[in-house]
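Worksheet: the structure to be examined is printed underneath.
Any read-out appearing in this document is the output of simple, stated calculations on the displayed coordinates, not a laboratory observation. Since the structure is predicted, the reported quantities are computational estimates derived from the model, not experimental observations. A quick note on method: Cβ atoms are made from the backbone with ideal geometry, for glycine too, and the neighbour counts reach across all protein chains shown.
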Amino acid sequence: MNKCFRYQPRIFQSQLSISRCYAAVQSESPPPQKKPGVGLAQKPDPKLVKCDYIGPPDAQSNLRPYVRHYDDNETRLARSLRLKRIEVEAWNTDFWTRHNKRFYEEKEDFIRLHTESGTSEVSADQMSHFYKAFLDKNWRIHMMYNISWYLKNFDILTLAAAVQLQKLLALSKRRT
């Protein structure tokens, strides 16, 4: 298996010269009894990678984990931005892990109750009633999550703007 990083800039990020690395696995012909792996076996060391590492989706939260790159000459403001991003990503992963676990447990209970009542298969219409009931029951949790998510992202945005302003000021001082 040939493991490598593949560089894919996004339009807005490339304008700000923020690069991202996406994990990619290229395989010749895997053995028939083994599934080919996605991503890398271990997270890379943040000090060794040249850009942020975005891994394959997590099995429980369905979110792609990040490994944030940082330089040795990172400013205090850039460090606080990186730590804030890590904190928000951990909070987000924790929320979706708990949410998905609750969803799958309730879904299994719903299917089990229908199969025990004599129905051999649960129809899509019956599942749609479960999905609606689950969303209605968790409406307040989702609303509070969205409010928290927006506030946390606003904090990250203001820190990112301050870091970019700091970089521009340092660049202008070097030119003069």
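Only loop residues by DSSP count here, and only those with at most 13 other Cβ atoms within 10 Å; note down the GluC sites (Glu not before Pro) in the range 96-165 that meet that.
E121
Among the listed pairs K84/K107; K43/K167; K101/K167; K43/K152, which have their C-alpha atoms separated by more than 31 angstrom in this model?
The pairs that break the limit, which is 31 Å between Cα atoms, are K84/K107; K101/K167.
Report, as a whole number in µm² per second, the diffusion coefficient that Stokes-Einstein gives for the range 80-176 at 37 °C and 0.692 mPa s using the Kirkwood radius over alpha carbon pairs.
192
I need the P(r) histogram for the range 36-119: all alpha carbon pairs, bin width 5 Å from 0 out to the longest distance, whole percents.
3, 12, 15, 17, 14, 11, 9, 6, 5, 3, 2, 2, 1, 0
Where nothing but the Cβ of Lys and Arg (+1) and of Asp and Glu (-1) is charged, how large is the charge dipole of the range 87-176 around its Cα centre, in debye to the nearest 20?
Value, rounded to 20: 940 debye.
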